[in-house]
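The values are calculated or read from the model by the stated rules, or taken from the named source; none is laboratory data. This is a predicted model, so every value here is computed, not measured. Virtual Cβ from ideal backbone geometry, glycine too; neighbours counted across all protein chains shown.
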Amino acid sequence: MGFLETNLPYIMAGVSVGGQYALIAIGYTMVYGILRLINFAHGDIFMAAGFMMVYLSASLPLYLSIPLVIILTVLLGFLIERSAYAPLRKAPRMSIMISAIGVSYLIQNCAWYITSGLAKQYPAIPWISESVTVFSSTTKMVTVITPVLTFMLVAALVLLIKHTKFGMAMRAVSKDFETSQLMGIKINSVISTTFIIGSFLAAVGSLLFFSNYMTVTPTAGSMPGLKAFVAAVFGGIGSIPGAVLGAFIIGICENIIKGLGLTTFSDAFTFALLIIILIAKPTGLFGEKSTDKV
Amino acid sequence: MLKVNNLKINYGGIEAVKGISFSIEQGGIVTLIGANGAGKSTTLRCIAGLIKPRSGSIEFLGEDITGKDPAAIVARGITMVPEGRKIFSDLTVLENLKIGAYLRTESLDEDLKWIFDLFPRLKERSWQLGGTLSGGEQQMLSVGRALMSRPKLIMMDEPSLGLAPLIVRDIFEIIKEINRQGVTILLIEQNANMALKTADIGYVMETGRITLTGTGYELLTNEGVKAAYLGA
């Protein structure tokens, strides 16, 4: 068998998990772009969306529980911003970062409390959990859907940011709060919307990710969250295309390493990559020239 | 049109404005001159809603607008050209103009035509990023952006700062032209000479207080003003 045939399952898995990282990474990069904040709670929002699905699907049909998970995740992201970050708008940046770390642990601890720390079985979603054969290798439908859905959502987001009035306001606010206010832009609603979009994408990401991995634990958000964050830094934090590209690169490399039989090192690879990027090109692939120190 | 009554503003831990009162009549050009740190910018930023006053009141067209947020102030017809121009460097020239009309929902075609007639250079460069313009062009864009909200009163914070003398003259010509078209102007300047020649009424601010008032001509010929601000 040739290289491609042997490695195709790993590449497909890599593209799939890369798409899932991308959906999370966008939330990191957008929030950073507008608030210069690394939202440490973002991975935990992703995890919370996983548990919401576990509990809601237990008593509701999927056509209700899926939209409800998305709505509640968006609401969670919105409320976190309003209660933990908005009051610190004029505080030093370190305060808001510490607040973000606090929120991260709060969500994790709540999850421990509710689940007693036990892993929960993620519900099988018909169709996307089904098996499918692509070029003689069998995989789940979700592997094929993820990159397509990711691409569509990213395209919609880029259109929103580049070509709508609201997107223009987002770009303005990310550069200059005060002058944006002078234009009549309400910066708090722009920031809220950023968190809403980020949480929405994290909810979609969680549906795809947990359909693939099948169990949710209270710390399930940490590793994907961290890798999505690395992807955002790799692409140049603040840049959406950068975050998406970074996520796909990390996802694919990670799975190729697994395919080479070095599964033990696949996580280490991600972080080694981060160190190398930070040394070689601190601003990432598409990073802004002037970065703020955090 | 605008009535400021006994306005006191704390800013950066000090009382930057210590109870000033002044008024602006519709259709005029009013200037506030004074040294650095006299409280001119703070006063403008307070009227624009960026900072809240400690006490006193601001009335615009008979309505109390004290402490309202910036979007509410813009919606009522007051706009500001900030110090240092503050162009959105990653937005195109056209986007910079459109964002000036952020609160308006009607078609902007006529407004854009109006701005491009006033500033033909901006039309040539409408697809360039704001950050690629020269200082003078950025100042024109900043003024054009402010006009896009169709203001009744436009406040300008040091529009001549950092510009070459020839460009400064252009800017003042434009200020007069905008005023002829019916927009009332409140101008802050360190270039007191140009400001007083352009303005109908001038106020001199010193360490948070208004110390002198008069027509532009009266202040230009006042011995104290000459000595302190005109370098004569």
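Output the qualifying pairs, or none if there are none: Cβ atoms under 6 angstrom, residues six or more apart or on different chains, first residue in the stretch A:258-287 and within 14 Å of A:Gly14 (Cβ to Cβ), second residue modelled with pLDDT under 85 and loosely packed, with under 14 Cβ neighbours inside 10 Å.
Taking only residues 6 or more apart or on different chains, not a single pair turns up.
Pick from A:Phe209, A:Phe271: which is closer than 25 Å to A:Glu130 by Cα, outside any loop (DSSP other than H, G, I, E, B) and not basic (Lys, Arg)? Break it down stepwise before answering.
Working: A:Phe271 fails: closer than 25 Å to A:Glu130 by Cα.
Testing whether each residue is closer than 25 Å to A:Glu130 by Cα, outside any loop (DSSP other than H, G, I, E, B) and not basic (Lys, Arg) leaves just A:Phe209.
Taking A:Thr73, is it under 18 Å from A:Leu207 (Cβ atoms) and surrounded by 13 or more Cβ atoms within 10 Å (Cβ to Cβ)?
Numbers: under 18 Å from A:Leu207 (Cβ atoms): yes; surrounded by 13 or more Cβ atoms within 10 Å (Cβ to Cβ): yes.
The answer is yes for A:Thr73.
How about the stretch B:82-166: which helices (runs of 4 or more DSSP H) wholly inside it have at least 2 residues that are more than 14 Å from every other protein chain (Cβ to nearest Cβ) and surrounded by fewer than 20 Cβ atoms within 10 Å (Cβ to Cβ)?
Working: elements: B:93-100, B:109-118, B:120-124, B:135-147.
Hits in the stretch B:82-166: B:109-118, B:120-124, B:135-147.
Answer with yes or no whether A:Phe209 is within 17 Å of the chain's Cα centre (by Cα), crowded, with 18+ Cβ neighbours inside 10 Å and either free of Cβ contacts under 8 Å to residues at least 24 places away in the same chain or over 30 Å from B:Ala75 (Cβ atoms) (or both). Full working, then the answer.
On the way: within 17 Å of the chain's Cα centre (by Cα): yes; crowded, with 18+ Cβ neighbours inside 10 Å: yes; either free of Cβ contacts under 8 Å to residues at least 24 places away in the same chain or over 30 Å from B:Ala75 (Cβ atoms) (or both): yes.
In short, yes.
Does B:Gly27 meet the test of being in contact (Cβ under 8 Å) with a residue 60 or more places away in the chain and not in a strand (DSSP E or B)?
yes
Can you spot a residue in the stretch A:13-36 that is small (Gly, Ala, Ser), surrounded by 24 or more Cβ atoms within 10 Å (Cβ to Cβ) and either out of contact with any helix residue (DSSP H, G or I) (no Cβ under 7 Å at 6 or more places or on another chain) or farther than 20 Å from A:Pro147 by Cα (or both)?
no
For the stretch A:223-276, name all the residues that are among the β-branched types (Val, Ile, Thr) and under 20 Å from A:Met30 (Cα atoms). Lay out the reasoning, then the answer.
Applying the first criterion (among the β-branched types (Val, Ile, Thr)) to the stretch A:223-276 yields A:230, A:233, A:237, A:240, A:244, A:249-250, A:252, A:256-257, A:263-264, A:270, A:275-276.
Answer for the stretch A:223-276, where residues must be among the β-branched types (Val, Ile, Thr) and under 20 Å from A:Met30 (Cα atoms): A:Val230, A:Val233, A:Ile237, A:Ile240, A:Val244, A:Ile249, A:Ile250.
Select from the stretch A:11-49 the residues that are within 20 Å of A:Leu76 (Cα to Cα) and assigned to a loop (DSSP other than H, G, I, E, B) and list them in ascending order.
Result: A:Leu37, A:Ile38, A:Asn39, A:Phe40, A:Ala41.
Take residues that are within 19 Å of B:Gly84 (Cα to Cα) and touching a residue at least 24 places away in the same chain (Cβ under 8 Å) and tell me which of the helices (runs of 4 or more DSSP H) falling wholly in the stretch B:169-232 contain 2 or more.
Per the criteria, B:192-198.
Can you find a residue that is at positive phi and in contact with a helix residue (DSSP H, G or I) (Cβ under 8 Å, 6 or more places away or on another chain) anywhere in the stretch A:212-230?
Going through the stretch A:212-230, the residues at positive phi turn out to be A:214.
Now drop any that are not in contact with a helix residue (DSSP H, G or I) (Cβ under 8 Å, 6 or more places away or on another chain), which leaves none.
Taking every residue of the stretch A:212-230 in turn, none turns out to be at positive phi and in contact with a helix residue (DSSP H, G or I) (Cβ under 8 Å, 6 or more places away or on another chain).
Residue check: is B:Lys52 crowded, with 22+ Cβ neighbours inside 10 Å, among the charged types (D, E, K, R) and more than 10 Å from chain A (Cβ to nearest Cβ)? Working first, answer last.
Values: crowded, with 22+ Cβ neighbours inside 10 Å: no; among the charged types (D, E, K, R): yes; more than 10 Å from chain A (Cβ to nearest Cβ): yes.
No, not satisfied.
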